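A short write-up of the structure that comes next.
The values are calculated or read from the model by the stated rules, or taken from the named source; none is laboratory data. Everything numeric in this text was worked out from a predicted model, so none of it was measured. Cβ atoms come from the backbone with ideal geometry, glycine included; neighbour counts cover every protein chain shown. SASA here: full protein model, heavy atoms, side chains in, ligands and nucleic acids out. Shrake-Rupley method; radii C 1.70, N 1.55, O 1.52, S 1.80 Å.
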Amino acid sequence: MAITLFLRLTTRRAIEVVPAPAPGAQEPAERDRVGRPALLVEHVTKRFVVGREHRVVDAVRDVSLTVDRGHIYGVLGANGSGKSTLIRLVSTLLTIDEGRVEIFGHDIERDEMAVKRCINRVSVDAAFFKKLSPYENLAFAARLYGLPAGEARRESARILGRLGIAEKRLGQPTEQLSRGMQQKVAIARALLTSPMLLLLDEPTTGLDPRSKVDVQVFIEDLRDAQDAAIVLTTHDLDEADRLCDRIAVLDGGRVVADGTPAELKAQVARERGAAPTLESVFMAYTGRSLDEDVEEGEAEAAGA
Amino acid sequence: MTALGHELKASYAFVERNFNLSRRYWGWEIAYLVYAIAGALAISLIGAQLGDRRLILSLMIGATFWNYLSIVFSFIADTIAWERWEGTLEYTMMAPIHRRTHLLGSTFYAILYGLVHTAVVLVVLALFFGLDMSRANIGTAAAFMVLGSFSFVGIGIMAAVLPLLFVERGSQMTFVLQSLILLVSGVYYSVDILPGWMQVVSCFSPATYVLDAVRKGLVDGVSATALLGDAWPLVVMGIVLIPLGMWVFGRAERYARRTGRLKRVG
Ligand SMILES: Nc1ncnc2c1ncn2[C@@H]1O[C@H](COP(=O)(O)OP(=O)(O)O)[C@@H](O)[C@H]1O
Ligand SMILES: [Mg+2]
């Protein structure tokens, strides 16, 4: 290890000697990045081999989508449709089998560190060191992203205050908080690092109605306040309708429909004579209703 | 700030977090400490029963130094396993830090914790038996403890790979590995009494050389320079095992990301 540290030190010095580029002479790569979408997913496929019988599951198949800066992009799908796999692919937690992903112009495989710095994720199961307090958990996260602990503390108190959690709760072990509160702490952990692309994987699934609304209102505020982009997976149609600028419907790992909620609704009304609701959109493109599915999702979230 | 400065700062995240965990689990910390002290005392008392001062010292050395080495090993080996239990692994793995930063932080805390823990055990043993350190060469013990730490860090990193690869069984495997190192390394007896094949295995355990050298230093006052036979295997293992461990870890992480094994369950 001493050797790598030494090498890093010396290479670092070498880099510092190189004169800074003249103003206006941006690196070509940097210039190209301006105006790139927040997230570009091109023909991405991910397969898993599961079980003893080595069954091949195509969790995500040939998915392409573009998320613009400042937008909330909804991914709607039943359980097992590949939503979380898609989020994990974009989070660098899974390698891509086919296709490519680009985040603010950074290729996810070639430019992994740059990508990691611009993203953060909230998943359906708010995962923490249960005995550590929210403050301690958030301090850990903040330090990993190079933020000073003091600043992290102030910022997390501010974010959680807006989400309706009193400061005095932030010093107790996280396991003593309700699930709704834990999910809010998870959101604070992600926002603390000021992600330019925020990945929300079913952030409201399994929450009590009150917390659910708190989280939804907060997501709306985020969109209005920042030019960060958000990908939101959900199987709540009202939530998708209310929050998302664009929606992709995922079924069996494929995108079966995408567009703005208004476009999609108009399309089913026009082409299939159905009621102009997201329910009909979902029914029309996947052949089933999301209602039966919700139960299962809640159970999974509670058990996770 | 330099890149090195950033890495050291980020690696401190793990030190601080692990310290907070120790603090929050203080009940368990005390329980483990009592267990470690009782175990070390119980084994050293075998020497007292036989009325052999030299044996008491030798057993004490075995108990304390094994305590240190096994803490360093298991803390590093469990880096991944802990986060799997808590479910935070995915969050840590997607943070913008190098894996070496991650492992450096875990290693630093492991060594710090191991030193403090072992010092407490040693003080209690010394008070209980009254140590005769008149002939002891402390420098030898310190030098081999440092040398041995490097190899144990390397083995620990390699063992940490197991929980990355095997979601369920990984941490059980690291535990078995630790037990086997205890068995073959001559912690409480000379490796000469082991069956031939076990003696061969013992040559590959850094603990064998550390304990042999520390005993010679503390019991017989042999100087470090006279123990080159014990030193060079440790130097070689340290130089080979740490980079090898990092490399294996990188490969395993890639494999885990390809096959979806960073996920919480299944
Ligand atoms: N890590 C994994 N290992 C094996 N199979 C997986 C893994 N993650 C997801 N899958 C499978 O991929 C499919 C899609 O799962 P997932 O992306 O979790 O769907 P969703 O989030 O929409 O419920 C499922 O069939 C699931 O069993
Ligand atoms: Mg999911």
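A few notes on this one:
- The condition (being at pLDDT 95 or above and more than 16 Å from ligand 1 (Cβ to nearest atom)) is satisfied by just one residue among A:67, A:63, A:75: A:67.
- For segment A:55-97, a tally of residues being within 18 Å of residue A:107 (Cβ to Cβ), within 16 Å of ligand 2 (Cβ to nearest atom), of a type in the set (Val, Ile, Thr) and open to solvent by 10 Å² or more (accessible area, probe 1.4 Å) returns 0.
- Pair list, Cβ under 6 Å, 6 or more apart: segment A:192-216 residue without any contact (Cβ under 8 Å) to a residue 60 or more places away in the chain and within 21 Å of residue A:78 (Cβ to Cβ), other residue open to solvent by 20 Å² or more (accessible area, probe 1.4 Å) and not in a loop (DSSP other than H, G, I, E, B): A:204/A:212
- Residue A:148 vs. criteria more than 30 Å from residue A:291 (Cβ to Cβ), within 13 Å of another protein chain (Cβ to nearest Cβ) and open to solvent by 30 Å² or more (accessible area, probe 1.4 Å): yes
- Checking each residue in segment A:98-123 for being assigned to a loop (DSSP other than H, G, I, E, B) and surrounded by fewer than 23 Cβ atoms within 10 Å (Cβ to Cβ) picks out A:104, A:105, A:109, A:110, A:111.
- Residue in segment A:8-30 that is at pLDDT below 95, among the hydrophobic types (A, V, I, L, M, F, W, C), surrounded by 11 or more Cβ atoms within 10 Å (Cβ to Cβ) and more than 16 Å from ligand 2 (Cβ to nearest atom) present: yes
- Comparison of B:107, B:92 shows that the only residue that is touching a His at 6+ places or on another chain (Cβ under 9 Å) and part of a helix (DSSP H, G or I) is B:92.
- Every residue from segment B:79-114 that is small (Gly, Ala, Ser) and over 25 Å from residue A:191 (Cβ atoms): B:81, B:106, B:110, B:114
- Residue in segment B:181-190 that is in a helix (DSSP H, G or I), closer than 30 Å to residue A:85 by Cα and not β-branched (Val, Ile, Thr) present: no
- All of (1) in a helix (DSSP H, G or I); (2) modelled with pLDDT under 95; (3) in contact with a Gly (Cβ under 6 Å, 6 or more places away or on another chain) hold for residue B:172 with one exception: (3).
Here's the yes/no breakdown for (1) of a type in the set (Phe, Trp, Tyr); (2) within 16 Å of ligand 1 (Cβ to nearest atom):
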residue	(1), (2)
B:216	no, no
B:221	no, no
B:249	yes, no
B:253	no, yes
B:260	no, yes
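- For segment B:73-107, the candidate set comprises residues that are small (Gly, Ala, Ser) and more than 7 Å from chain A (Cβ to nearest Cβ); within that set, the residue that is nearest to residue B:181 (Cα to Cα) is B:74.
- For segment B:12-64, the tally of residues that are outside any helix (DSSP H, G or I) and of a type in the set (Asp, Glu) stands at 1.
- Scanning segment B:211-266 for residues that are part of a helix (DSSP H, G or I), farther than 30 Å from residue B:132 by Cα and of a type in the set (Gly, Ala, Ser), we see that the one that is farthest from the chain's Cα centre (by Cα) is B:256.
- Filter result for residue B:219 (open to solvent by 10 Å² or more (accessible area, probe 1.4 Å), aliphatic (A, V, I, L, M), at pLDDT 95 or above and out of contact with any Phe, Trp or Tyr (no Cβ under 9 Å at 6 or more places or on another chain)): no
- For residue B:132, the conditions (1) more than 28 Å from residue B:240 (Cβ to Cβ); (2) within 14 Å of chain A (Cβ to nearest Cβ); (3) open to solvent by 40 Å² or more (accessible area, probe 1.4 Å); (4) of a type in the set (D, E, K, R) all hold with the exception of (2).
- Any hit, segment B:75-95, residues being in contact with a Gly (Cβ under 6 Å, 6 or more places away or on another chain), surrounded by 17 or more Cβ atoms within 10 Å (Cβ to Cβ) and among the hydroxyl-bearing types (Ser, Thr, Tyr): no
- Scanning segment A:195-204 for residues that are surrounded by fewer than 23 Cβ atoms within 10 Å (Cβ to Cβ) and either within 13 Å of ligand 2 (Cβ to nearest atom) or in a helix (DSSP H, G or I) (or both) yields a total of 1.
- Flag if residue A:227 is part of a strand (DSSP E or B), in contact (Cβ under 8 Å) with a residue 40 or more places away in the chain and among the acidic types (Asp, Glu): no
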